[in-house]
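Below is one structure; the comments refer to it alone.
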Amino acid sequence: MKKYDAVVIGAGNGGLVAAIRLLQGGAKTLLVEKHNLPGGFATSFRRGRFEFEASLHELNDFGTADNAGDVRVLFDELGVTDKIEWTQIPEAYRVIARAEKLDATMPFGVQAFIDKMESYVPGSRASMVKFFDLAEEIRLAQAYSSSVNGNTDSKYMVKHYGNFVRCGSYSVNEVLDTLKMPKKAKDILNAYWCYLGAHCDDLSFMHYASMVNRYIKRGASMPKMRSHEISLALTERIRELGGDVLFNTEAVKILTDEKDGGVSGVVLDDGTPIQTRHVVANCAPHLVFGKMMDKAPEAEVRATNARKFSGRGFSMFLGLDADADELGVENHNYFLYDTADSAAQYERMRTIRDNEVQATVCLNRAYPECSPKGTCMMYFTTLYMSDDWGNVKAEDYFRTKDYVANKMIDRFEQDTGAKLRGHIEEISVATPMTYARYCGHPEGVIYGYESQYWDGLMPRLQMMGEDHKVRGLRFAGGYAMRLSGYSSAYFSGDISGRQTVGDIKREG
Ligand SMILES: Cc1cc2nc3c(=O)[nH]c(=O)nc-3n(C[C@H](O)[C@H](O)[C@H](O)COP(=O)(O)OP(=O)(O)OC[C@H]3O[C@@H](n4cnc5c(N)ncnc54)[C@H](O)[C@@H]3O)c2cc1C
């Protein structure tokens, strides 16, 4: 039987980084991926003369060589930064909310962001300055926490990061109200909420502020050859470090030890058993405890069942036979909402009929050469906050796809004045069924488990120790302790990879 110190199941963002960390820590590592290519959602696909990005709108917290973000620092340590050609996203976002008649375009850079907000909302400056001061304190507290592997000294925290501790259990809106932020400024500032998929009455302030700060302070980046370029660079690095990678290979079982119930091996889909005492799973705990393990601790099963699935994804990809200027597509990144009231908006996103939200990108605005001259490409994404696609009958599936795709095009044209119809050369649509089949995520969720009061960033980080009930089993990726998103998935792979190295060393 083949034997490895560790097996990583899934070559998504979290799995790829975990594998590199394991190899850097000296562990003999096998990475298995059921598809024929790495990346999970982090990939690209081709239709006609267009190579579409499959998921990434923009990578936050990467920064530049002289203003490096935490992701760049991580990529430097992994040895992959220079394997990728990067481009910078020009502005933060344009948000349009119909009910409030809001149309605001916000820049990157803290000072520029505050100045622009003041021009839209006179009198907002003081609360915006307080917001960014607090967000920076949160970033520093998180950096301290990861420097001590989560073993924080509470006295040190209170002394150095008192406001971080104070706002720890409050929602975005509760803290912004405490900062006396005018409503319109809140409406503009909260535009990023759909990136985290939980509304601002529910979403942890810390989590949101930390993300906004990372975007605005360092800007956002994009690999020129789409996120697939990152996934390939990480895979190449795994091989350089001597790791084994098996594509077209699904792990179907995690075997456990009779005595302590811990990991003893993995079975692949052709029946091959692999001996190992350590698994990093880059897939949903629902699958691991529900399908892959014969015996899972009851506490893990109950905790997993108590969690809430995040939004189910739907995307439309358009290759257009005219350039962005000609079509009137002015910006890189759009958020189109019915209302800036995120809780009300979240409710409308439960059904196919009512959901008209979209986060839309025109990559040519960041990288004009991403498609042939005289063309441009766009991708439109929305989330469904219930499993409404599960109610669609097989015979209605294609009609429903067309219905949503048409609504998305109409909405974009009406809200921005751009003209897309008549220029569509390629169109491709991914529904929650596509995402469920592609990455194996239940109901087609694309953001793991939703951030809740009891299951947000801080509780998950604080519970990291207790979460580890099966000896040798750790999780990386969108369902894990850093929650979902590219940078979060990379960081969780970093943490679980390093923790597993520690476990192996402790075993001797
Ligand atoms: C349309 C869309 C837009 C998005 N936009 C953004 C954005 O702009 N910014 C951002 O930060 N995030 C964005 N996200 C979210 C981001 O893509 C995810 O959070 C992130 O990629 C999740 O990474 P992961 O590590 O969880 O792996 P996943 O991408 O979930 O990959 C898991 C991998 O494991 C493999 N696998 C699963 N089970 C097995 C098994 N048993 N055996 C072998 N292999 C297995 C799967 O095939 C897959 O390759 C977007 C997602 C989508 C779909």
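Laboratory data are not the source of any read-out in this text; all were calculated from the coordinates shown. Given the structure is predicted, the values throughout are model-derived calculations rather than measurements. Please note: Cβ atoms are built from the backbone with ideal geometry, for glycine as well, and neighbour counts cover all protein chains shown.
When peptides 100-110, 7-17 are ranked by their average number of other Cβ atoms within 10 Å per residue, the highest-first order is 7-17, 100-110.
Can you give the convex hull volume per residue for the Cα atoms of the chain, as a whole number of Å³?
So the per-residue hull volume is 146 Å³.
With neighbour counts taken as other beta-carbon atoms within 10 Å, the residues TYR120, TYR486 rank, fewest first, as TYR120, TYR486.
Can you classify region 150-211 as rounded, prolate or oblate using the Cα gyration tensor, where a ≥ b ≥ c are the square roots of its eigenvalues, rounded means a/c under 1.5, and otherwise it's prolate if a/b beats b/c and oblate if not? Because a/c hits 1.5 or more and a/b exceeds b/c, region 150-211 counts as prolate. Peptides 349-359, 197-207 ordered by packing proxy, namely the average of other Cβ atoms within 10 Å per residue, highest first: 197-207, 349-359. Database remark: amide H of ASP269 closer than 5 angstrom to the amide H of GLU250, VAL252 (H placed geometrically; neighbours at sequence offset of 5 or more, or on other chains; Pro and chain starts carry no H). Under the simplified labelling scheme, the THR64-SER146 pair shows an inter-label distance of 2.2 nm, with each label point 7 Å from Cα along Cα→Cβ.
So what is the relative contact order for the chain, in percent, with contacts set as C-alpha pairs under 8 Å and at least six apart? Relative CO of the chain lands at 24 percent. Here region 185-236 is treated with +1 on each Lys and Arg Cβ and -1 on each Asp and Glu Cβ, and its dipole about the Cα centre works out to around 260 debye. Rounded to the nearest Hz, the phi-derived 3J(HN,Hα) couplings of region 200-207 under the Karplus curve 6.51 cos²θ - 1.76 cosθ + 1.60 (θ = phi - 60°) are 6, 7, 10, 6, 4, 4, 4, 5, where x marks glycine and proline. Using the Karplus relation 6.51 cos²θ - 1.76 cosθ + 1.60 with θ = phi - 60°, the per-residue 3J(HN,Hα) values for region 152-169 come to 6, 8, 4, 5, 5, 4, 5, 5, 9, 10, x, 6, 4, 5, 5, 8, x, 10 Hz, with x marking Gly and Pro. Structure note, pairs LYS159/LYS183; LYS2/LYS295; LYS308/LYS419; LYS116/LYS180; LYS259/LYS505: Cα-Cα distances above 28 angstrom occur for LYS159/LYS183; LYS308/LYS419. Note that region 266-283 has calculated 3J(HN,Hα) couplings of 9, 10, 8, 5, 8, x, 5, x, 10, 8, 6, 10, 9, 10, 10, 9, 9, 9 Hz, one per residue in order, obtained from phi through the Karplus relation 6.51 cos²θ - 1.76 cosθ + 1.60 (θ = phi - 60°); glycine and proline are x.
Normalised by 2.2 N^0.38 Å, where N counts its residues, the alpha-carbon radius of gyration of region 15-144 equals 1.41. Note on region 17-73: Rg/Rh from C-alpha atoms, Kirkwood Rh, equals 1.08.
Which loop-located GluC sites (Glu not before Pro) does region 203-281 contain, where loop means any DSSP state but H, G, I, E or B and the Cβ has at most 11 other Cβ atoms within 10 Å? Qualifying residues, ordered by number: GLU258. Taking every Cα-Cα distance in region 108-218 and sorting them into 10 Å bins starting at zero, the pair-distance distribution P(r) comes out as 14, 46, 31, 8, 0 percent. Look at where the Cα atoms of region 280-297 and of region 435-508 average out, and the two centres are 12 Å apart. Using only Cα atoms, find the angle between the long axis of helix 227-240 and the longest principal axis of the chain, and express it within 0 to 90 degrees, rounded to the nearest 10. Between the helix axis and the principal axis of the chain, the angle is about 20 degrees. Calculated mean residue ellipticity, 222 nm, the chain: -11000 deg cm²/dmol, from DSSP H runs (n ≥ 4) at -39500 (n - 2.57) each, averaged per residue and rounded to 500.
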